[in-house]
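Reading through the C-alpha cells given below for one structure.
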C-alpha cells in the first residue's frame, strides 16, 4: 500500500508543534521557579529534623507558593499536556499513514519513549503537586531529546522490513518503550535527589536559595525514583523476555549476546542492583541513587551507541 | 580466668584453648560464606556481572562472527593476541565471566534457601505475638471506644479478617491482644523470582550442553541432511555426538522474496520438503519469523542470495555445463553479491587450473565498464567476472574460503588473470587460450539453520515464573497489625492501641491512618448497635 503523504506531513508538523509547546512549557516552568519564593522560616522547621515529612510536603509548598508562580505552574502543566497530545498525534498519524505500528525505526522508537516519559511525569505531577517543581528538569531533557531525535534520527515514513513483521513488534517494542520512558523519569528523579540531598546535608544557613532549594524534599524524590523503577522493572523484564521469545522465532536462538541483548541485560542487572541497593544497609540513599543514574546512562547508551555505532541484529535504525 | 588457687605456683592462667585447626578453618569458611551471601556482596557481584558483559558488546565475539574476530586480528596484530589470552573474544564463555555469575548464584542460593525455610515455617505458624510497646512501631496510634475490651477486639478481628489478614487472638503477658498478618505471597513471589533465576540458568546450561546448531546454504533444487559433515558451520554441546542428531533431510524446492514499491523487503519464504532420509517427506513453507518446528528441532530461514550458473567449454572440447555456485550478498539492499567458481580439474595439471572471481547484480547497470546493482529483484541479472588460470593452492593444506580466491596465489604470480568481462544472461567470454565461459543462468539460495536446544522450553517456563514472582514481589505488601486494649483512664470503655509494620512499601502512614479510621468507624457502629452495652459497662 502507498503511504498517505498528507498524513505523514501532518505527523511531521505535529512533531514541530510538540517541540514548540514543550519549549514554551519549559519557559513557563522556569518562570514558576523564578517567581516561586520559598519562605525561609517555613523551611527551617523540617530542616532540623532531616527529611521533610512526606504527606505535607506537597501541600505546604502549594500554600507557600505565591499565586503568580502557581499560575505559571498551571500554564506549564497545561502546555505540557497539550504538547503530549500533539506528540501522540505524531505517532498516531504515522501509524495510520503507514498502516502499521509507529515504532519500526529509531526515530519512531525515540519519539515514543519520550512521549511515555512525558505522560508518566504528567500523571505523577497531577497526583502529587510537589513534583510540579521538577518540571524544568523533566522538560529540558525532553526538549533536547526531541530536537536530537528530529535532527539525527529522522527518517521518512516507510514500510517495515520483513523481520519486523510480527505480532511481537507490538508486544516486545511496546514494553521496551514503556519501560524505557519510565526509567527515564526514574533516572531524572534520582539525579535530582543527588543534587537535593547534597544541599540538605549542609547546615541550614549555608543552603542556597536558588533552584536547588525549590526542588521537592529529597525523600519525595527518592520515593519517586524508587516507585517508578519498581513500576518499570517488571515491564523491562517482560520486554527482555518477549524479545527473547521473538528472537527464538526470528533469529534461530532466544539469546545470543547480540550487542542490544547484552546491553539490555546490563541494564536489567543494574536496575536489579538498584532495587537491592535501596533496601541494603550501606547502600541506601545516595549510593543507590547513583546506581539508578548509571542505569539511565546504560539505557541511553543502549539506544544511541548500540543502534548507531555497533553492528548487531537490532539494526533497524534506518539512519545512514 | 583470674583464679587464685594456691596449689600450683606457676599457675599461669591457662591460655584460652586454641581452637583446633579444623574448627578454625570451619569458622573462617563460615565467615566467608556469610560475606558471600550478604546482600552487599550480591550488589557488588551484580555490578561485576554488568561490567563483565561490557567487553562482550564492544569487541567482536567468536560466537557472533568469526569473520569479525579475524578482521580484528588483522587490524590489531599486536593487541589481539593479548586480548585473546584474556578470553575477550569469547567473553560469555570465559572462565572469569562464569566465575562472576557462579559466585552470584551461590550468593543467591545462600541468601534464598534460608529465607525459603523461614518462609515455609512462617506460612504454617500464627502471626507473631505483639511487641511489648506497640507505640514504638513505625505506625501506631490509639483509638478510644465505649465498648469493653473483648468486644472491641472482636470488632478489630472481624475488620482485619474482612481485609484478608490472618488473625490470632492471644492472652499475652500484657493482656489480651490481636496479631494479624497478610501478604505472605510477597515473600513467596520473592522466593519464586530468585529460584526461577536458578532454574533459568540450569535450563540455559542444559541447552548449551545438549544442543547443537548447523548452518548451510542451499540452492534451489538442492538439499541437505542433518549431520555435522554437511553443514557449512556448526556448533554443538559437549554432551552431544553425531549419533544424537535427529535423522532429517531437507530439500529446498523454491525460494521467493517479495519487495514493497520502495524496495523494502516485505517477505522471504522458502518451500521445503523434509522428512527422514529416503522418505517422501512433507512439504511446508518457512519464512522470516516463522520457522519449522518439529519434535524439538527447528529449521530457520536466516538469509538468501543468488547462485549464478556458468558453463565452461575448454579448448580441448571438455565441457562443464551449468555449474552453480552461491555468491554471498555484500549489500543486502541491492543484493549485489560476490563469489568464486573454482575448477581445479580441467585437465591441464595442477598449474593449469581455472577459476572465476565474480560480482553478481540481480539488476545490473554498467557505467564506464563498472557493474553495479540497482535493485534486489532479479530483473536484469549481470555478472562481472575475472578469470584466472594457474595454481589455486587448494591442496596446500591451508583452509580456503569457497567464496573467494586465495589472494596469496595471485600475489605470488602462481595464479594469473586470463580475462575479464561484464556478462548479461546468456553472454559468453572467450579467454586467450580459447576457453569459453558462459553466464548461463541463476538460481536463488537460502541460508538455512537447523537448531536443537532441549533447554529452551525450560528457560521459557522459568522466565514466566520469574516474571510472576517479580510481580508478586513488587506489587504486594506484607503487613502486620497488632492491637491491644487497655481500660480507658477515665474509666469509661477501652483504649485500643493499634500498630502496624509494613514491608515493601514506604508509604505505610496513609494506609495505617485509613485502617485506623475504618476501625474507629466500625467500633462506633458497633457501639451504636449495642446501646445497652455501654451504660451497663460504665
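Here is how the numbers come out for the structure above:
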quantity: Separation of the residue B:39 and residue B:65 label points, Cα + 7 Å toward Cβ, nm; calculated: 4.3 nm
quantity: Percent RCO, i.e. relative contact order, over chain B, from Cα pairs under 8 Å lying at least 6 residues apart; calculated: 19 percent
quantity: Region A:5-308 shape via C-alpha gyration tensor axes, a/c threshold 1.5; calculated: oblate
quantity: Using alpha-carbon coordinates, inclination of helix B:184-210 to the longest axis of chain B, degrees; calculated: 20 degrees
quantity: Cα gyration tensor, region B:227-334 - rounded (a/c under 1.5), prolate or oblate; calculated: oblate
quantity: Spin-label model distance (nm) - residue B:394 vs residue B:520, 7 Å beyond Cα toward Cβ; calculated: 9.5 nm
quantity: Gaussian network model of chain A, springs between alpha carbon atoms under 10 Å - residue of A:28, A:250, A:281 with greatest fluctuation; calculated: A:281
quantity: Principal axis box of the protein assembly as shown, alpha-carbon based, largest edge first, Å; calculated: 126, 90, 59
quantity: Test item: B:392-404 mean partner chain Cβ contacts at 10 Å; calculated: 0
quantity: Length-normalised contact order of region B:309-442 in % [C-alpha pairs under 8 Å, at least 6 apart]; calculated: 25 percent
quantity: Contact order relative to length of region A:5-308, as percent, for alpha carbon pairs under 8 angstrom and 6 or more apart; calculated: 19 percent
quantity: Cα centroid of region A:138-167 to Cα centroid of region A:285-314, whole Å; calculated: 17 Å
quantity: Separation of alpha-carbon centers, region A:212-282 and region B:363-425, rounded to whole Å; calculated: 50 Å
quantity: Average beta carbon contacts from partner chains per residue of A:263-273, 10 Å cutoff; calculated: 5
quantity: Degrees, to the nearest 10: A:5-35 long Cα axis against longest axis of chain A; calculated: 10 degrees
quantity: FRET efficiency for residue B:367 and residue A:92, using Cβ-Cβ distance with R0 set to 30 Å, rounded to 0.05; calculated: 0.10
quantity: Potential extension, residue B:432-residue B:338 segment - 0.36 nm per residue separation minus Cα distance; calculated: 31.4 nm
quantity: Least to most buried among A:15, B:445 (fewest other Cβ within 10 Å first); calculated: A:15, B:445
quantity: Highest to lowest packing among B:144-153, B:92-101, scored as the average C-beta count within 10 Å; calculated: B:144-153, B:92-101
quantity: Gyration tensor verdict on region B:376-450 (Cα atoms; rounded if a/c is under 1.5, prolate if a/b is larger than b/c, oblate otherwise); calculated: oblate
quantity: Acute angle (nearest 10 degrees) that the helix B:149-162 long axis makes with the longest principal axis of chain B, alpha-carbon atoms; calculated: 10 degrees
quantity: Likely footprinting exposure, A:301, B:359, fewest C-beta neighbours within 10 Å first; calculated: A:301, B:359
quantity: Region B:162-178 and region B:92-157: distance between their alpha carbon centers, rounded to Å; calculated: 17 Å
quantity: Projected label distance in nm at residue A:152 and residue B:331, using a 7 Å step from Cα toward the beta-carbon; calculated: 2.7 nm
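Values in this text are rule-based calculations from the coordinates and carry no lab data. Not measured: the values here are computed from a predicted model. Neighbour counts are summed over all protein chains in view; Cβ atoms, including those assigned to glycine, are modelled from backbone coordinates with ideal geometry.
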